[in-house]
Ligand SMILES: [Zn+2]
Ligand SMILES: [Zn+2]
C-alpha cells in the first residue's frame with residue numbers, strides 16, 4: 001500500500017484505500033487546509049487547538065491507489081485552492097409585526113391557562129389577545145411619541 005496523505009495530527013501515513021477521518025468544521029476542509037486524520041483520536045487531538053465548538057468527525061475512505069494512467073491527474077491539482085462557493089446571506093423580513101399577525105407565544109399561553117385553571121385554549125384566543133396587545137402597544141407608542149421619546153417604556157402601558 002502506498003501513502004495517500006499524512007495524518008494532519010500525527011503525520012503517520014494514510015494509505016490509499018484506507019479509512020480516515022475528516023473534521024466537520026468548514027475551515028478544516030478548505031482546499032488550502034483540508035485536514036485528514038488517521039484516527040478519531042487524531043481528529044480529537046486537533047479539536048482543542050482549533051477551538052471548535054459543535055464539531056464532529058466523519059469517516060471517509062482514501063482514494064484507491066492510482067494506476068499509471070490516472071497518475072496524470074496529480075492529486076495536487078485536486079487540492080489546489082479553488083474558489084469557495086459564495087455563502088448566500090439570507091436576510092429576514094423586516095422585524096415589524098404585520099397587522100393581524102399573532103403576537104402571543106401560543107405554547108406559553110396555553111401552558112399558563114392549563115396550569116392556572118386546567119382549561120384548554122381555543123385558537124382564536126391568540127388573535128383576540130394579539131389585537132389587545134396591538135391596541136395597548138399603539139396607545140403606548142402615542143404616549144411615548146407625545147413625550148418626544150424614541151423608546152416605548154413599561155409605564156406607557158399604565159392606565
Ligand atoms: Zn494520526
Ligand atoms: Zn477541525
Residues in the range 7-28 that are loosely packed, with under 15 Cβ neighbours inside 10 Å and within 16 Å of ligand 2 (Cβ to nearest atom) total 4
Note on residue 152: of the conditions (1) outside any loop (DSSP other than H, G, I, E, B); (2) surrounded by 10 or more Cβ atoms within 10 Å (Cβ to Cβ); (3) at pLDDT 90 or above, unmet is (1)
Picking from 52, 16, the residue that is away from ligand 1 (no atom under 13 Å from the Cβ), without any contact (Cβ under 8 Å) to a residue 60 or more places away in the chain and closer than 20 Å to residue 65 by Cα would be 16
- Task: For residue 82, state whether it is closer than 30 Å to residue 136 by Cβ, at pLDDT below 85 and not in a helix (DSSP H, G or I).
- Result: no
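The rows are residues; the columns are (1) more than 16 Å from ligand 1 (Cβ to nearest atom); (2) at pLDDT below 85; (3) loosely packed, with under 12 Cβ neighbours inside 10 Å; (4) under 16 Å from residue 3 (Cα atoms).
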site: 38; (1), (2), (3), (4): no, no, no, yes
site: 45; (1), (2), (3), (4): no, no, no, no
site: 57; (1), (2), (3), (4): no, no, no, no
site: 60; (1), (2), (3), (4): no, no, no, yes
site: 65; (1), (2), (3), (4): yes, yes, no, yes
site: 74; (1), (2), (3), (4): yes, yes, yes, yes
site: 86; (1), (2), (3), (4): yes, yes, yes, no
site: 90; (1), (2), (3), (4): yes, yes, yes, no
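The values are calculated or read from the model by the stated rules, or taken from the named source; none is laboratory data. On a predicted model such as this, the values are computed, not experimentally measured, just so you know. Note that we place each Cβ from the backbone using ideal geometry, even for glycine, and neighbour counts take in every protein chain shown.
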